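Undergrad: Can you read through this structure? Questions will come right after.
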Amino acid sequence: MADTHISGAIEAILMVVDEPVAPADIAAALDVPEHEVLATLTALRDEYADPERPRGFELSEVESRWRVYSSRLYADAVGAFIVEGQSARLSQAALETLAVVAYRQPVTRGQVSQVRGVNVDSVMKTLAARGLVTEVGEMGGALLYGTTTEFLERMGLGSLDDLPELAPYLPELADVDGEGR
């Protein structure tokens, strides 16, 4: 398969996926070596990011998987188009709960409640319904929760390692169990 055909085929695949896709999956579909797919993905990402020719989309890698997203440059326009009067914002309680899950995962509802000092059952259900947290296991009969790929995508993070350092802002969080991020 010629380079331009590989590039075009990869672009076509990226236009139809609804979640990030691994280079190995693209390589298998196109019957080309994975390293060629990865090189093409990197070249496309760089091409789309050219400041001389801003585009309405960007190619990003999230947890070693790739997807096309709308450009952050046009987030206001996209937000106005999609939301159109609907409130898509999370409540302060939901944001605080999401932060606890993100920084301390895997974590039980009880542990989140302990950190926040309030019952978080309904907030956790809301976050799960929005696809931001999910069950990741069990510990002593209690469900463990963690963030999802959707969370990473919405936050613009490649992985949890990209979360900002919390200790300078919330030293009391580190005192809860002697851990800090």
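The values are calculated or read from the model by the stated rules, or taken from the named source; none is laboratory data. Predicted, not measured: the structure shown is a model, and the values here were computed from it. Neighbour counts run over all protein chains shown; Cβ positions are idealised from the backbone, glycine included. Just so you know, the surface numbers come from the protein's heavy atoms only, side chains and all, with ligands and any DNA or RNA stripped out. Shrake-Rupley method; radii C 1.70, N 1.55, O 1.52, S 1.80 Å.
Undergrad: In Å, what is the Rg of the alpha-carbon atoms in the range 1-58, and how long is Dmax?
TA: Expressed in Å, the Cα Rg and Dmax of the range 1-58 come to 11.5, 34.
Undergrad: Only Cα pairs within less than 10 Å get springs; with that Gaussian network setup on the chain, which residue of ALA29, ALA80, ALA39 has the largest fluctuation?
TA: Of ALA29, ALA80, ALA39, the most mobile in the Gaussian network model is ALA80.
Undergrad: How much net charge surrounds GLU63 when only other residues with a Cβ under 12 Å from its Cβ are counted (Lys, Arg +1; Asp, Glu -1)?
TA: Taking every Cβ under 12 Å from that of GLU63, the sum is -4.
Undergrad: Could I ask something else about it? With the full set of protein chains in place, find how many percent of the accessible area of the range 46-155 is carbon and sulfur; take the probe as 1.4 Å.
TA: Looking at the range 46-155 in its full context, I get 50 percent from C and S.
Undergrad: What Kirkwood radius, in Å to one decimal, follows from the Cα pairs of the range 41-156?
TA: 16.2 Å
Undergrad: Assuming R0 = 25 Å, what is the FRET efficiency of GLU138 and GLU63, from their Cβ-Cβ distance, to the nearest 0.05?
TA: After rounding to 0.05, the efficiency reads 0.60.
Undergrad: Given the rule -39500 (n - 2.57) for each run of at least 4 DSSP H residues, summed and divided by the residues of the chain, what is its mean residue ellipticity at 222 nm, to the nearest 500 deg cm²/dmol?
TA: On the way: 9 runs with 90 residues, N = 181.
Using -39500 (n - 2.57) per qualifying helix, the result is -14500 deg cm²/dmol.
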